[in-house]
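Shown next, in structure tokens, is the structure this report addresses.
Throughout, read-outs are computed from the coordinates displayed, never taken from laboratory work. Bear in mind the structure is a predicted one, so any value in this text is a computation, not a measurement. We place every Cβ from the backbone using ideal geometry, glycine too, and count neighbours over all the protein chains shown.
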Amino acid sequence: DSAAPHTLLGPTLQVHSAFADQNQKRIVLALQSGLKSDLTWALNTLTVLSFKEKDEIRKDATPLTKIPGLLDALLQIIDDWRDIALPKDLSRNRRLRLLGANALVTGFGNEYEALASSDNYSQSIAAPGSYSSQKITTRHRPTGWWFEEDGLFNLDDDGLAEKQLCAVAASNILRNFSFMYENEIIMAQHRHCLETVFQCIEDQNTEDEELVTNALETIVNLGPYLDLRIFSSSKPSYINMTEKSAVQAIMGMLDSQIKAWHCAAAELLGRLIINPDNETFLLSFATQIYKRLVDLLSLPAVDAQAAAVGALYNLVEVNMDCRLNLASERWAIDRLLKVVKAPHPVPEICRKAATILESLVSEPQNRVPLLAYENAFAEILFSESKHADTFARILYELTSRPNNKQGSARGVWGL
């Protein structure tokens, strides 16, 4: 019933607007304590405070500035998991990405297969789909286990699973916070926060899927305010992360076969390039970026095409070299034309694709290779397309310039 959509979504949990102010010290201390009950309460509380329904206008959003020390406390939970996640040989095998195969829902990774422990800790954290249908059994450990290297002062499989769940829950809270305008600039200027989330996506092949996804979405939300030079600034550093390694981490996500990851990485590149201070670091990977974005244009998924067009739209506005490199990339023009002709379900994407072509033709060095597509441009012009004006300008640029001898001999569009 479209007349009453809210009734179909079930009950909505409302939190008093003064709750965060009254309990901010308790929340931070609970996160820092490491006690299971306190940590669970704090993570559940922050999950509720940071949750925002679609199109909901909340006046009582909880910015990080209201809770001193909260961001560092959440990051410490993730860092604690990252510190113990490595085995003794300091290397981890690639994780098999099932992405919910043979499962009712996707959710936390079961790397240590301890979600059915007797204390049911995994069910206490507020995370849809994190419960297990396995039968609760008692775990038997060999006599003298506490004398072994992994015994008394180290975590067993249950303890590792608990740390993993807490880290994923903390990353989800950070992701939720990054959607709030009040938090974006704070998080984008917090070096420890950026180092942690970039390191998570850097280890995409070995880290928990949901932790990687949350970290990537956090960076995408902070993208317009992100200055990669922060990794070489005088701000305190907790993790060894440089501008080059940060871009390499993004490129790793862009090359991923998982659609949600490479779409988000493409969108992130488009947002980062808006800041001129990031150009130096991104353009050193220009060849790889253009090739991969053009590959995404060939995918049938419309969201992948949209992400690629959005990134290319911002890249071609940077400088002449960007326009020349893209025009020389194989299949780039064909696939941009395909997006316009299809057309893409979102009209704005078609407009951006046409504008990219117009930017390419503005460079004299590109006019000769683009003349090979003159008939395709004319076909769109005469098809009463919404973008006919754009392609009229493209044909005018191609054929009416006096310094374009080939164009002046062939074209009539500028007369």
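Exceedance of the 29 Å cut-off in Cα-Cα distance is limited, within the set Lys36/Lys235; Lys259/Lys352; Lys25/Lys244; Lys66/Lys244; Lys25/Lys259, to Lys36/Lys235; Lys25/Lys244; Lys66/Lys244; Lys25/Lys259.
Extension gain, Ile185 to Val318, is 45.5 nm, computed as 0.36 nm per intervening residue step minus the present C-alpha separation. Taking the fewest neighbouring Cβ atoms within 10 Å as the starting point, the ordered list for Trp81, Trp331 is Trp331, Trp81.
In which sequence would Asp158, Asp208 go, from the one with the fewest C-beta neighbours within 10 Å to the one with the most? Don't jump to the answer; show the numbers that get you there.
Working: Asp158 18, Asp208 22.
Result, fewest neighbours first: Asp158, Asp208.
Need one number: nm distance between label points at Gln257 and Thr65, each 7 Å from Cα along Cα→Cβ, rounded to one decimal. Modelled inter-label distance: 4.6 nm.
Note: region 189-264, Cα convex hull, 80 Å³ per residue.
If you take all other residues with their beta carbon under 13 Å from the beta carbon of Arg335, and give Lys and Arg +1 and Asp and Glu -1, the sum is +2. Working ranking of peptides 66-76, 166-176 by packing, defined as the average number of other Cβ atoms within 10 Å per residue, highest first, is 166-176, 66-76. Each Lys or Arg adds one and each Asp or Glu takes one away; over the other residues whose Cβ falls under 12 Å from the Cβ of Ala266, this sums to -1.
Fewest neighbouring Cβ atoms within 10 Å first, the residues Phe179, Phe391 line up as Phe179, Phe391.
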